[in-house]
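One structure below.
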Amino acid sequence: MTADDTDHQFMRRAIELARECPPSATAFSVGAVVVADGVEIATGFSRETDEKVHAEESALDKLGDEDARLGRATIYSTLEPCSQRASAGRAPCTERILRAGIPRVVIAWREPTTFVTNCVGVENLRQHGVEVLELADLADEAMAMNRHLDLS
Ligand SMILES: [Zn+2]
């Protein structure tokens, strides 16, 4: 199996998780999978544990920042990790990923301007030396459960 196949396989898993999200008229449905040493070590999806929790946040909350596997992990998220948040007291997912020391992020689509005017999650991550890969061929599938939102 090539590395590329592995990335698609785990992104499809993240898309499955995005379908599990409790529906929302005001927020995206996102799925996230953290993978280390070729195996899934944590998963999360939007609104999994409370109505404000993000997919990446929910997954990372299950591991804790001290987990040594994070330093060689990849996080798959169907949507670009957020760089700012409306919820007070919650760190943007970009910040959580950097704090966890995750060196690689794979996403399927970039945040549209529906809720924030300019998401710079990918730019922030790259600036800090994180490798970011976009699987544009899975973007449609990853967006499918968000069609009711304004994606302009
Ligand atoms: Zn987020």
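Read the figures in this text as sums done on the coordinates, not as results from a lab. Remember, predicted model here, so these are calculated numbers, not experimental data. Cβ sites come from the backbone with ideal geometry, for glycine too, and all protein chains shown count toward neighbours.
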Cβ-based exposure ranking for Ser77, Ser58, Ser24, in which fewest neighbours within 10 Å come first: Ser24, Ser58, Ser77
Order of Asp61, Asp67 under a 10 Å beta carbon neighbour criterion, fewest first: Asp61, Asp67
Percent antiparallel among DSSP beta bridges (both partners in the chain, rounded to 5): 55 percent
GNM flexibility winner over the chain from Ala36, Ala88, Ala142 (Cα, springs under 10 Å): Ala88
Gyration tensor verdict on segment 1-141 (Cα atoms; rounded if a/c is under 1.5, prolate if a/b is larger than b/c, oblate otherwise): rounded
Karplus (6.51, -1.76, 1.60) ³J(HN,Hα), θ = phi - 60°, over segment 84-100, in Hz, Gly and Pro reported as x: 8, 9, 7, 6, 4, x, 10, 6, x, 4, 4, 5, 4, 5, 5, 5, 6
Under 5 Å, built H, 5+ apart or other chain: amide partners of Ala42: Val34
Nonlocal amide H pairs with Leu135, under 5 Å, H built at 1.01 Å: Ile107, Ala108
Mean ellipticity per residue at 222 nm, deg cm²/dmol - from DSSP H runs of n ≥ 4 across the chain, formula -39500 (n - 2.57): -8000 deg cm²/dmol
Neighbour-count ranking [beta-carbon atoms within 10 angstrom, fewest first] of Val120, Val105: Val120, Val105
Phi-based couplings in Hz for segment 30-35 (Karplus 6.51, -1.76, 1.60; Gly and Pro marked x): 10, x, 9, 9, 9, 10
Residue of Gly71, Gly89, Gly101 that the Gaussian network model of the chain assigns the largest fluctuation, springs spanning Cα pairs under 10 Å: Gly89
Relative contact order, percent, segment 67-152 [alpha-carbon distance under 8 Å, six or more residues apart]: 33 percent
